[in-house]
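A.B. asks: Quick one: the structure is below, and I'll ask about it shortly.
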Amino acid sequence: MSWITGVGLLPFGRHEGKNTLDLMSEAAALALDDAGLKRGDIDGVLTGYATTMPHIMLATVFCEHFGLSPAYAHGLQVGGATGFAMAMLAHELVAAGRLKHVLVVAGENRLSAPGGRDKVVETLAQVGHPVHEVPLGPTIPAYYGLVANRYMHEHGVSEADLAELAVLMRANAATHPGAQFREPITVGDVLASKPIARPLKLLDCCATADGAVAFVVSRERTGTAAVRIIGAGQAHTHQHISEAPSLTEFGARLSMDRAIAATGRKLTTTDADYLAIYDSFTITLAILLEELGLARRGEACGLARDGYFSRTGTKPLNTHGGLMSYGHCGVAGALAHLVETQLQMTGRAENRQVADAGLAFLHGDGGVMSSHVSLIMERQG
Amino acid sequence: MSDAISYQRCAPCGHVWYFVRSFCPKCGAREPVTSRASGAGVVHAVTIVDRAPTPDMKALAPYTLVMVDAEEGFRLMAHGEPGLAIGDRVSGSIVELAGRPIPFFKRARGPSCPSKA
């Protein structure tokens, strides 16, 4: 068993003049305060990677900078799935009795670093194969554009359908003061936005941001927060989209089935009171919702249009605005989903609070639908 | 001048793939056979890249990227002529683009092809 005893989330957007370590430190301080812990209480530290600060010992560098001397620390990398993979590892380490309080922290000055968005686009395109893909001039949106094209073809989904998910994320972000983009948008705005890698347009894509997130995973509760991780699982089917077994069937279901099996209970994703699902692009969110059994194939966007995934709907989803509108700063991007989940489950989500978040399902992917990590969180009592 | 697209095949297990390796990723057998593909295939997916990642590719944008299912049984990413769509029968070879050899596909010509040209 493990508890998420404290969380820290910075506003995403532009944090001019701050570097990765500055941002990580701010989030870590918030998480420690929230958990009621001191630096000396932390015996484990997990970090991801930072594209703006490539370092072979990021966890150790962070510990030195922040003032920690843990018994266990290292970095971890699985692209966009890194955040949830760190949460899973922290859970496993704590549940095994190995550590008492693991600080998980990620942050990056991805937007304001020299080179800005151009540098980000070029750097991230390198997840492609160096010989067989990158020389063709693809981008992350292009890899997902290929997936979107095929998925739309097979399941009868239109660009206007996908736009509904961007509209929903923006509507959610409008209620969060820390979100990068808060101005409401319409389906028409999404369709009229600049083409990036057709069928994907600017507003189908996540937003490059500076930001940071931290949280503490503990063996025992440290205060009133009573949210625990009850299951976690992964699935890895390929890394490059050229080698994916399919462009329409990915590893999300397998990953979530393993997370459910780890709970030792007969759960299904439809038991969820709250959903935190990776939304790097509208197509990512559509496929994941459908693959996880939260909508039938081709129907996730229609459900979003009908309010099913809205804050007051049947399955509230990413109430902070997700990667598309709260913002995406790398590893911390998906961890904002986890923090929002903990806030919802502890009744601290203010004007975004959903009716009853007792059981939450979280899912993230890295690469091009390549690495999948699923988490199930439950409120005690 | 253009050259053929190549692929690999495992003699013991018959697995066919595109990313070059010195062993079969399915059964582990060594020394796979590298062969020239016919270039014939069917478009599996298409995207048009408007936002290119590098200055040299920006000069070419917008360009069409395709995933093609080659008739030999492997799938690859390539450039394609504008207007290609899922299901189009195509013919490809290695051409030079921005100083690099890359696979490029055009609509297939010939009597058996439902060509729009």
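A.B. asks: Exactly one of these conditions fails for B:Asp56: (1) closer than 30 Å to A:Lys119 by Cα; (2) modelled with pLDDT of 95 or more; (3) charged (D, E, K, R). Give me its number.
C.D. replies: (2)
A.B. asks: So, one more: If the requirement is being of a type in the set (Asp, Glu) and farther than 27 Å from A:Arg198 by Cβ, which of these qualifies: B:Glu81, B:Glu72, B:Glu96? Steps first, please.
C.D. replies: Values: B:Glu81 fails: farther than 27 Å from A:Arg198 by Cβ; B:Glu96 fails: farther than 27 Å from A:Arg198 by Cβ.
Result: B:Glu72 is the single residue among B:Glu81, B:Glu72, B:Glu96 that is of a type in the set (Asp, Glu) and farther than 27 Å from A:Arg198 by Cβ.
A.B. asks: Name the residue that is nearest to the other protein chains (Cβ to nearest Cβ), counting only residues in segment A:237-261 that are more than 26 Å from A:Met152 (Cβ to Cβ) and in contact (Cβ under 8 Å) with a residue 60 or more places away in the chain.
C.D. replies: A:Arg258
A.B. asks: Further question: Go through segment B:34-55 and give me each residue that's facing chain A (nearest Cβ under 8 Å) and not basic (Lys, Arg).
C.D. replies: Within segment B:34-55, B:His44, B:Ala45, B:Val46, B:Thr47, B:Ile48, B:Val49, B:Asp50, B:Ala52, B:Pro53, B:Thr54 meet the criteria.
A.B. asks: Suppose we keep only residues that are buried (at least 24 other Cβ atoms within 10 Å of the Cβ) and within 24 Å of A:Met369 (Cα to Cα) within segment A:89-115. Which one would you say is nearest to the other protein chains (Cβ to nearest Cβ)?
C.D. replies: The extreme case among them is A:Arg110.
A.B. asks: OK, next. A:Asp118 passes all but one of (1) surrounded by 17 or more Cβ atoms within 10 Å (Cβ to Cβ); (2) outside any loop (DSSP other than H, G, I, E, B); (3) within 13 Å of another protein chain (Cβ to nearest Cβ); which number fails?
C.D. replies: (1)
A.B. asks: Exactly one of (1) surrounded by 15 or more Cβ atoms within 10 Å (Cβ to Cβ); (2) away from chain A (no Cβ under 12 Å) is unmet by B:Gly28. Its number?
C.D. replies: The single condition B:Gly28 does not satisfy is (1).
A.B. asks: Next question, about the same structure. Filter segment A:50-78 down to the residues that are touching a helix residue (DSSP H, G or I) at 6+ places or on another chain (Cβ under 7 Å) and modelled with pLDDT under 95 and list them by number.
C.D. replies: A:Ala50, A:Thr51, A:Thr52, A:Met53, A:His55
A.B. asks: Give the residues of segment A:358-378 that are surrounded by fewer than 24 Cβ atoms within 10 Å (Cβ to Cβ) and farther than 28 Å from A:Ile140 by Cα, sorted by residue number. Outline the logic, then answer.
C.D. replies: Taking segment A:358-378 as the starting set, the residues that turn out to be surrounded by fewer than 24 Cβ atoms within 10 Å (Cβ to Cβ) are A:358-359, A:367, A:378.
Across segment A:358-378, the qualifying residues are A:Gly358, A:Leu359, A:Glu378.
A.B. asks: I would also like to ask the following. If you take the residues of segment A:329-368 that are among the β-branched types (Val, Ile, Thr) and touching a strand residue (DSSP E or B) at 6+ places or on another chain (Cβ under 9 Å), which of them is nearest to A:Val127 (Cα to Cα)?
C.D. replies: In the first step, residues of segment A:329-368 are kept if they are among the β-branched types (Val, Ile, Thr); the result is A:331, A:339, A:341, A:346, A:354, A:368.
Still in the running and touching a strand residue (DSSP E or B) at 6+ places or on another chain (Cβ under 9 Å): A:331, A:339, A:341, A:346, A:354.
Working: A:Val331: 15, A:Val339: 27, A:Thr341: 29, A:Thr346: 37, A:Val354: 37 Å.
Per the criteria, the residue is A:Val331.
A.B. asks: Kindly provide the set of residues from segment A:13-66 that are part of a loop (DSSP other than H, G, I, E, B) and basic (Lys, Arg), ordered by number.
C.D. replies: A:Arg14, A:Lys18, A:Lys38, listed by residue number.
A.B. asks: Are any residues in segment B:48-77 surrounded by 20 or more Cβ atoms within 10 Å (Cβ to Cβ) and in contact (Cβ under 8 Å) with a residue 60 or more places away in the chain, and if so, which ones?
C.D. replies: Within segment B:48-77, B:Ala70, B:Phe74, B:Leu76 qualify.
A.B. asks: Exactly one condition in (1) within 14 Å of another protein chain (Cβ to nearest Cβ); (2) surrounded by fewer than 19 Cβ atoms within 10 Å (Cβ to Cβ); (3) among the hydrophobic types (A, V, I, L, M, F, W, C) is not met by A:Val127; state its number.
C.D. replies: Only one criterion in (1) within 14 Å of another protein chain (Cβ to nearest Cβ); (2) surrounded by fewer than 19 Cβ atoms within 10 Å (Cβ to Cβ); (3) among the hydrophobic types (A, V, I, L, M, F, W, C) is unmet by A:Val127, namely (2).
A.B. asks: As an exercise: evaluate B:Thr34 against (1) within 30 Å of A:Pro199 (Cα to Cα); (2) part of a strand (DSSP E or B); (3) not small (Gly, Ala, Ser) and give the number of the one condition it does not meet.
C.D. replies: (1)
A.B. asks: Right, something else. Inside segment B:96-112, can you point out the residues that are over 9 Å from the mean Cα position of the chain (by Cα) and within 12 Å of chain A (Cβ to nearest Cβ)?
C.D. replies: Of everything in segment B:96-112, those that are over 9 Å from the mean Cα position of the chain (by Cα) and within 12 Å of chain A (Cβ to nearest Cβ) turn out to be B:Glu96, B:Leu97, B:Ala98, B:Gly99, B:Arg100, B:Pro101.
A.B. asks: Within segment A:211-234, can you find the residues that are over 24 Å from A:Ser25 (Cα atoms), of a type in the set (Gly, Ala, Ser) and within 16 Å of the chain's Cα centre (by Cα)?
C.D. replies: Residues satisfying the conditions are A:Ala232, A:Gly233.
A.B. asks: Next question, about the same structure. Scan segment A:162-183 and tell me whether some residue there is among the β-branched types (Val, Ile, Thr) and within 14 Å of chain B (Cβ to nearest Cβ).
C.D. replies: Start the filter on segment A:162-183 by keeping residues that are among the β-branched types (Val, Ile, Thr), which leaves A:167, A:175.
Checking which are within 14 Å of chain B (Cβ to nearest Cβ) leaves us with none.
There is no residue in segment A:162-183 that is among the β-branched types (Val, Ile, Thr) and within 14 Å of chain B (Cβ to nearest Cβ).
A.B. asks: I'm told A:Gly83 meets every condition in (1) modelled with pLDDT under 95; (2) closer than 30 Å to A:Ala295 by Cβ except one. Can you identify the failing condition by its number?
C.D. replies: (1)
A.B. asks: When you go through B:Ala85, B:Ala40, B:Ala45, B:Ala98 one by one, which is the residue that is in contact with a helix residue (DSSP H, G or I) (Cβ under 8 Å, 6 or more places away or on another chain) and either at pLDDT 95 or above or loosely packed, with under 13 Cβ neighbours inside 10 Å (or both)?
C.D. replies: On the way: B:Ala85 fails: in contact with a helix residue (DSSP H, G or I) (Cβ under 8 Å, 6 or more places away or on another chain); B:Ala40 fails: in contact with a helix residue (DSSP H, G or I) (Cβ under 8 Å, 6 or more places away or on another chain); B:Ala98 fails: either at pLDDT 95 or above or loosely packed, with under 13 Cβ neighbours inside 10 Å (or both).
Among B:Ala85, B:Ala40, B:Ala45, B:Ala98, only B:Ala45 is in contact with a helix residue (DSSP H, G or I) (Cβ under 8 Å, 6 or more places away or on another chain) and either at pLDDT 95 or above or loosely packed, with under 13 Cβ neighbours inside 10 Å (or both).
A.B. asks: Output the residues belonging to segment A:28-48 that are crowded, with 22+ Cβ neighbours inside 10 Å and either touching an Asp or Glu at 6+ places or on another chain (Cβ under 7 Å) or farther than 11 Å from A:His101 by Cβ (or both).
C.D. replies: Selection gives A:Ala28, A:Asp34, A:Leu46, A:Thr47, A:Gly48.
A.B. asks: Name the pairs: first residue in segment A:368-379 and of a type in the set (Ser, Thr, Tyr), second residue buried (at least 24 other Cβ atoms within 10 Å of the Cβ), Cβ to Cβ under 6 Å, at least 6 apart or on different chains?
C.D. replies: As it stands, the answer is A:Ser371/A:Val78; A:Ser371/A:Ala81; A:Ser374/A:Ser255; A:Ser374/A:Met256; A:Ser374/A:Ala259; A:Ser374/A:His363, since those pairs meet every condition given.
A.B. asks: Of the residues that make up segment A:141-155, is at least one touching a residue at least 40 places away in the same chain (Cβ under 8 Å), aliphatic (A, V, I, L, M) and farther than 16 Å from B:Ile48 by Cα?
C.D. replies: Checking segment A:141-155: not a single residue is touching a residue at least 40 places away in the same chain (Cβ under 8 Å), aliphatic (A, V, I, L, M) and farther than 16 Å from B:Ile48 by Cα.
The values are calculated or read from the model by the stated rules, or taken from the named source; none is laboratory data. Given the structure is predicted, the values throughout are model-derived calculations rather than measurements. So basically every Cβ, Gly included, is an ideal-geometry build from the backbone, and we count neighbours across all protein chains shown.
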